[in-house]
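For reference, the structure discussed in these notes is given below.
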Amino acid sequence: MSRIAIVSAMHPELAAVLAGLPQAQKHTVAGREFVLGRWHGHEVVAVLSRIGKVAAATTATVLIERFDVRQVVFTGVAGGVAPVAKVGDVVVASGFMQHDMDASPLFPVYEVPLYGRSHFATDARLTAQLTQAAQAALAQGILDAADLAEMGMPVGRTQVHQGLILSGDRFVSTRAESQRLQQALPEALAVEMEGAAVAQVCHDYGVPFAALRTISDRADDDAHADFLKFVERVASRYSAAILARFFAQQPH
Ligand code: ADE
């Protein structure tokens, strides 16, 4: 039976989805718990990848090899790199690059050696559907006034963006590093630590992939504090609210 995989790096990003799978079967493979059940009318497998590209690649490989997934959706948080990507906004990935891939001078900087490419696109149809779902969820409002005030977010101003997301094995937590990324890769909207790895594994297997990231911090000197607050208080609600709408659009 083919399933839709839902992946996050950390528990607070997926807590509300996992809470909606109370009767689920659990299978442990490669030290990860794969939770199988029905969510919003679809057979799903939900899993926490843990943090970083290798952890994400292992998780994606096990999902595809062992759990018969027909599509993979990643949800979580990211640091905003482009000025437009503000805390509380949602970025739906059109594609991913590894900002820490550099085998130069053997291969061009950022190119994944022997793939002849640095950019891994997400599935266009799923990405369009995820963008619509995020727009609908934000239009309805995911947070209440108290949460918005706590996060320092203006009411009714959150936006959905679609574009390039960078991944690397580094939590970007200085303004200097964030500016370096922006200068080197000006089309990048956000930075996180897993998406490009999942995109590459899904490319290898020909499995459609889509990803959404809520901006938790600005990848600057305050990133650490902003990230922790956002992830604990609100990240899981963004994932559940947007994915519930996305699943409602998926064919059975
Ligand atoms: N995920 C959320 N914020 C991040 C940051 N600043 N750097 C890397 N990954 C992140």
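We did not get these values from a lab; they are worked out from the coordinates using the rules stated. Fair warning: this is a prediction, and the values are worked out from it, not measured in the lab. Quick reminder, even Gly has a Cβ in these numbers, built from the backbone with ideal geometry, and neighbours come from all protein chains shown.
Are there any helices (runs of 4 or more DSSP H) wholly within segment 127-240 with 3 or more residues that are surrounded by 17 or more Cβ atoms within 10 Å (Cβ to Cβ) and within 16 Å of the ligand (Cβ to nearest atom), and if so which? Show your work before the answer.
Working: elements: 145-151, 175-184, 195-205, 223-233.
Those helices (runs of 4 or more DSSP H) span 175-184, 195-205, 223-233.
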Practice prompt. Filter segment 85-122 down to residues that are aliphatic (A, V, I, L, M) and within 16 Å of the ligand (Cβ to nearest atom) and give me whichever is surrounded by the fewest Cβ atoms within 10 Å (Cβ to Cβ).
Written response: Met101
Item to complete: Look at segment 1-31 and say how many of its residues are outside any loop (DSSP other than H, G, I, E, B) and either surrounded by 18 or more Cβ atoms within 10 Å (Cβ to Cβ) or not basic (Lys, Arg) (or both).
Response: 19
Item to complete: Could you identify the single residue in Phe209, Phe247, Phe227 that is among the aromatic types (Phe, Trp, Tyr) and under 14 Å from the mean Cα position of the chain (by Cα)?
Response: Phe209
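Can you pull out the residues in segment 75-84 that are within 12 Å of the ligand (Cβ to nearest atom) and within 21 Å of Arg233 (Cα to Cα)? Break it down into steps so the answer makes sense when it comes.
From segment 75-84, those within 12 Å of the ligand (Cβ to nearest atom) are 76-81; that's our starting set.
Gly76, Val77, Ala78, Gly79, Gly80 - these are the residues of segment 75-84 that are within 12 Å of the ligand (Cβ to nearest atom) and within 21 Å of Arg233 (Cα to Cα).
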